[in-house]
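One structure below.
The values are calculated or read from the model by the stated rules, or taken from the named source; none is laboratory data. Note that the structure is a prediction, hence the values are computed from the model and not measured. Neighbour counts run over all protein chains shown; Cβ positions are idealised from the backbone, glycine included. Ligands, DNA and RNA are excluded from the accessible area calculation, which covers all protein heavy atoms including side chains. Shrake-Rupley method; radii C 1.70, N 1.55, O 1.52, S 1.80 Å.
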Amino acid sequence: MFKLVIDPQKELGHIAPEIQGHFSEHLGRCIYGGVYVGENSEIPNTNGMRNDVVEALKQIKVPVLRWPGGCFADEYHWKDGIGEKSSRKKMINTNWGGVIEDNSFGTHEYMELCRQIGCKTYINGNVGSGTVQEMSEWVEYMTFNGVSPMAELRKENGHEEPWTVDYFGIGNENWGCGGNMVPEFYANLFRQYQSYVKQYDPNKKINKIACGPNAQDYEWTETVLNQCHKLSGSWNNAHGFMDGISLHYYTLPYDWAKKGAASVFNEKEWYMTLSKTLFMEELVTKHSAIIDRYDPDHNIGLIVDEWGTWYDVEEGTNPGFLYQQNTIRDALVAAINLNIFNKHCDRVKMANIAQLCNVLQSVILTEGEKMVKTPTYFVFDMYKYHQDATLIESFVDTKTIGLEEQYKVPNLHESVSKSKDGKYHITLANLSVEEDYEIKTDLLGNKISVVKGEILTGKMDDKNTFDDPDNVRIKPFEASVENEDKIVFTIPKNSVVHLEVEL
Ligand code: AHR
């Protein structure tokens, strides 16, 4: 019997909906064929966006969508993606398979996609190969409501009203594909470029996100924070601070040379994957500790805008397209990461899983007119109740499990929140491939009136395919109340459970 203790009186902080954000890059079939098929496609669409995909994304309440990259962002020139589609410039997507990018999905299409999903916008600007003027004009094009060259151009292209840009990234992975910079050099560029990301509407804040570290590169975080956390003389910057700094960390079962297969794996690889996922806890804790020294008032968010599993591509697919299947193992990876972000909601203000569709740890896979929801999708569906909720203090007893000393993990992983309607949401993952566990949830004398449960479970490598799209699904889950303030249930191996509790 393992004890999960929840203290409803201990409210620890606000869980930003953006913690459940997504990322869409011009990479493989994420945009083209994934979310966007064009107005003339036979696949049912609205203004070019696939209706099935948009519906699925609305269901999980996608709060924010990052675009256009990734590495693509630092080679993207936004003016190539506006105006009459047939005359848009074609370019080589050098990062991702060297394929031709025809720019038929550009700023207007991205904004339309976000409108249909009903989510916030997060545009990533080009520092690596773009100019300050180009970045500044993009912001003017999107957000200026008045007479100006860029606002006129937007109107000529059919959009009278400005859009809202909620978040703007000043470059992506500038330590790597975004220019191979050292942190001091990037810090100077951040100071310069962000000066020209103007907030034209005083009521619509554009949150500026600095490029943060690759995983455990603490020196990058330290340097960028030191140089940029407070910019003097930035009269149009509401707080005089950057609003966020990103962090990228991917879960690879092995390493970059041989990552491991997405859906054919053994128990040892299961635990390797989960243990490497749990490293996110250390990363978030240590980067947060650096940010705390510069920003004790918590104005700067840690923005984990790329996370998820990265496996070897599926056999027979373009290696540059990063297409991989998704199993119950990925569901556990998603559950662990989202629990970690919840528990660090005082600093983690946004996180974006990579990537939305057909790339890496996707929530959606498409093939022609077919679409499947992955196991990861269903974790987001069960976790959506945490969005905009209050983190509640919780603690679960665990034991250490796993096959190899190096890759031991706790058997259970949880987070708990209270949503605006007063209901409590417990999300608990069982990381074991062997054992079910009896759980006693103790609400410390608070009388329980209703408990509803749902579960995602299966064999460790269960997945949904185009031939069998409903193999993995959320199912109802039974839990019983004992002595009025305790919930008793058995969590099966390889599973994620969501309990909704009313007191
Ligand atoms: O998500 C795939 C790639 O991973 C992104 O383009 C880049 O930012 C990261 O290295």
- prompt: Of these, V165, V147, which one is aliphatic (A, V, I, L, M), away from the ligand (no atom under 16 Å from the Cβ) and in contact (Cβ under 8 Å) with a residue 24 or more places away in the chain?
  reply: V165
message: Condition first: at positive phi and surrounded by fewer than 21 Cβ atoms within 10 Å (Cβ to Cβ). Now tell me which residues in region 273-315 satisfy that.
response: H298
task: Filter region 304-335 down to the residues that are within 13 Å of the chain's Cα centre (by Cα) and either away from the ligand (no atom under 16 Å from the Cβ) or not in a helix (DSSP H, G or I) (or both), then identify the one that is nearest to Y254 (Cα to Cα).
output: T309
Residue list for region 257-272, restricted to those being outside any helix (DSSP H, G or I) and either at positive phi or hydrophobic (A, V, I, L, M, F, W, C) (or both): A257, G260, A261, A262, V264, F265
- prompt: Restricting attention to region 188-204, which residues are touching an Asp or Glu at 6+ places or on another chain (Cβ under 8 Å) and either open to solvent by less than 60 Å² (accessible area, probe 1.4 Å) or within 16 Å of I245 (Cα to Cα) (or both)?
  reply: K198
- prompt: Given the conditions (1) open to solvent by 30 Å² or more (accessible area, probe 1.4 Å); (2) away from the ligand (no atom under 16 Å from the Cβ); (3) among the small types (G, A, S), which single one is not true for G128?
  reply: (2)
- line: Among strands (runs of 3 or more DSSP E) completely within region 19-95, the ones holding 3 or more residues that are within 20 Å of the chain's Cα centre (by Cα), free of Cβ contacts under 8 Å to residues at least 60 places away in the same chain and over 22 Å from F168 (Cβ atoms) are none
- line: Selection from region 4-42 of residues open to solvent by 30 Å² or more (accessible area, probe 1.4 Å) and more than 30 Å from L428 (Cα to Cα) yields R29, Y32, V37, E39, N40, S41, E42
message: Can you pull out every residue in region 336-357 that is more than 12 Å from S495 (Cα to Cα), in a helix (DSSP H, G or I), away from the ligand (no atom under 16 Å from the Cβ) and open to solvent by less than 10 Å² (accessible area, probe 1.4 Å)?
response: L338, N339, I340, F341, N342
query: Can you spot a residue in region 208-223 that is farther than 27 Å from E109 by Cβ, outside any loop (DSSP other than H, G, I, E, B) and among the β-branched types (V, I, T)?
result: yes
- line: In region 124-135, anything assigned to a helix (DSSP H, G or I) and more than 26 Å from the chain's Cα centre (by Cα) is listed as V132, Q133, E134
Members of region 139-171 found to be among the hydrophobic types (A, V, I, L, M, F, W, C) and open to solvent by less than 10 Å² (accessible area, probe 1.4 Å), listed by number: V139, M142, A151, V165, F168, I170
query: Just wondering, is there one or more residues in region 254-276 that are touching a strand residue (DSSP E or B) at 6+ places or on another chain (Cβ under 9 Å) and closer than 25 Å to Y196 by Cα?
result: no
- request: Considering only region 374-429, state which residues are closer than 20 Å to G13 by Cβ and free of Cβ contacts under 8 Å to residues at least 40 places away in the same chain.
  value: S419, K420, D421
- prompt: In this structure, is C177 closer than 27 Å to N51 by Cα and hydrophobic (A, V, I, L, M, F, W, C)?
  reply: no
Close pairs (9 angstrom Cβ cut-off, 6 or more residues apart or separate chains): within 16 Å of the ligand (Cβ to nearest atom) and open to solvent by 80 Å² or more (accessible area, probe 1.4 Å) in region 175-187, not β-branched (V, I, T) and not in a helix (DSSP H, G or I) anywhere: N180/G128; N180/N174
query: Somewhere in region 379-396, is a residue in a strand (DSSP E or B), open to solvent by less than 40 Å² (accessible area, probe 1.4 Å) and closer than 28 Å to S263 by Cβ?
result: no
- prompt: Can you name the residue in region 84-120 that is within 16 Å of the ligand (Cβ to nearest atom) and polar (S, T, N, Q) and is also most open to solvent (accessible area, probe 1.4 Å) among such residues?
  reply: T94
- request: Could you check, for region 409-424, whether at least one of its residues is open to solvent by 20 Å² or more (accessible area, probe 1.4 Å), modelled with pLDDT of 95 or more and closer than 20 Å to M280 by Cα?
  value: yes
